[in-house]
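A short reminder: the numbers here are calculations on the coordinates, not readings from a lab. Values in this document were obtained by computation on a predicted structure and should not be read as measured data. Here the Cβ is made from the backbone with ideal geometry for all residues, glycine too, and neighbour counts use every protein chain on show.
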Amino acid sequence: MLPVFSTARVTRCPMTVHSRLLFTGSLGKPLMDDRSSCDAHASQPRGMEVAIDESSPSTQSEGSKKPGHASFFLQVSLLVAVVVFGCANNIAKQIAAQPLKRYTYMLGLSTAVAYVPLYWFILTLLLLVGVVPKSQLRFVWQRGAEGDGVASATPAVALLFVSALGDSLGDTIGAICTPHVSGPLHSLLSNCTPIFIAVLSMCLLQERYSLMQSLALLGVFAAVVTGLLPALEGLSATTEPVFAVILGGSCIFNAVAFVLKELVFTRYKKRQDVESTAGLNIFVMNAHLALFQLPLTILLIPLNVLLKQTHGEGIGAYTREALDCVFGGRAESCGEDSNHGELAGRCVGIYVIFNVLWNMAVLMSVKHSGALATFIALKAIFPVSMVLFAYVDWPLLGPTELSGLVWLSILLLLPSIAAYQYATQLQVQRALRQPSRGLCCWPLGQRSPAARG
């Protein structure tokens, strides 16, 4: 589970859905999901609204307020922590899958359990010290204005519930697929999420993407397909093609969740008082998402039947065996194909710890280092993880043999992400200077001045 960013400063400019969508990772398919060239004005065109407000002192990067060696060291340390804990999260997940095998559903359930007390504890503290106003809780549960349409009248809590369902589906399917898909390919396939987000944002948020942005996203898609080809051709000993395709397709659920969260941020911003600049606190959203995601994850146990993890057993018997696998502490608890089943509980615990540390590092990095620097750090996790998977003999896992096409996918993916980020800044600038130029597939369809005359 990865938090959504809403209250951070990105250098000098706000981040739109355009620049946030490539922030999504496998952050437990972390959303972070994640958040360029001018101040957000009231005249900003629809579809370009931002979920963060830079004019508020509370949303500024701490690094921008406290120049000096100490601040620089803190920023660099947090960025390094994002990469280190992100890689540790990916590797710990693959290692935990070795003793768990067909019970990797427990990975998704364990993180869902961990985040409920964590986020509500943090939110309670923020409410007690007055950092989060109680009006934000009322916003989540109150209905919107009836005159703004059915979608706007729907309580934010309903949108968050559906968003939690999307994250639960995406994360649970991802956990189940873990032992059937190699670590590097698992990380690579998570890049399907921004592609789905782009399509959904056009339909639901009226976002418009320039030609360069569209080509960059096609480059991301080409990178994913290139890395997937060896598995589809049956040349990978560590990846089953069917589960790889299912994993890539499951990213659409996380994309739906992301877009719905964006709607909630945007709605809150529109309902703020004119003099108010503080955005919806991220822990208000994450606490409610965690609260809904836990029971939803439990209700998704039948997915194990659909994905043939129960071996013909009933849901009740499978659940009891899964719990015994994690808490039994015996080599035979996780089945005959388990690799050191007695270590299952310990591996799950280590994975949960790294997942929590990663998410906290991301949130702290956005606050102190800025979202752009954090975005770069998040995108560094994939290539660093690949090197670690390929060349380190990990306990229970060993080194992962990678095809040359998987390495080629890195060379395609990183430039495509950089091109998308650059094109996004240009698109936002065009839309703010001249809204008519912030249209879909710009500059296609644009008439020359002579033609207009």
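I'd like to know which of Leu260, Ala222, Thr238 lies farthest towards the positive end of the charge dipole of the range 135-275, counting +1 on Cβ of Lys and Arg and -1 on Cβ of Asp and Glu.
Leu260
Given 0.36 nm per residue, what is the gain on full extension from Lys270 to Val80 after removing their alpha carbon distance, in nm?
Between Lys270 and Val80, full extension yields an extra 64.8 nm.
Given a Förster radius of 35 Å and the C-beta distance between Arg320 and Leu396 as r, what FRET efficiency does 1/(1 + (r/R0)^6) yield to the nearest 0.05?
Given R0 = 35 Å and the Cβ-Cβ separation, E is 0.90.
For Leu229 and Glu332, compute 0.36 nm times the residue count separating them, minus their Cα-Cα distance, and round to one decimal in nm.
Computed gain between Leu229 and Glu332 is 33.5 nm.
Where nothing but the Cβ of Lys and Arg (+1) and of Asp and Glu (-1) is charged, how large is the charge dipole of the range 90-224 around its Cα centre, in debye to the nearest 20?
The calculation lands at about 280 debye.
Between Glu342 and Cys203, what length in nm is gained on full extension when 0.36 nm per residue of separation is reduced by their alpha carbon distance?
The span from Glu342 to Cys203 would gain 45.2 nm if fully extended.
Modelling each spin label as a point 7 Å along the Cα-to-Cβ direction, I'd like the Leu218/Leu128 distance in nm, to one decimal.
5.6 nm
If you rank Tyr422, Tyr268 by fewest surrounding Cβ atoms within 10 Å, what's the result?
Tyr422, Tyr268
Quote the FRET efficiency, to the nearest 0.05, computed for Ala158 versus Leu299 with a Förster distance R0 of 25 Å and r equal to the Cβ-Cβ distance.
0.90
Using 22 Å as the Cα-Cα cut-off, could you pick out the over-long pairs in Lys101/Lys261; Lys101/Lys379; Lys134/Lys261; Lys269/Lys367; Lys93/Lys379; Lys93/Lys261?
Over 22 Å apart, Cα to Cα: Lys101/Lys261; Lys101/Lys379; Lys93/Lys261.
Please label the shape of the range 91-130 as rounded, prolate or oblate, based on the square roots a ≥ b ≥ c of the eigenvalues of the alpha-carbon gyration tensor (a/c under 1.5 means rounded; beyond that, a/b larger than b/c means prolate, else oblate).
prolate
Could you list Met285, Met360 so that the one with the fewest beta carbons within 10 Å of its beta carbon is first and the one with the most is last?
Met360, Met285
Between Gln142 and Phe121, what is the FRET efficiency for a Förster distance of 30 Å, r being their Cβ-Cβ separation, to the nearest 0.05?
Once rounded, the FRET efficiency stands at 0.75.
Let a ≥ b ≥ c be the square roots of the eigenvalues of the Cα gyration tensor of the range 193-287; is it rounded (a/c under 1.5), or, if not, prolate (a/b larger than b/c) or oblate?
Verdict is prolate for the range 193-287.
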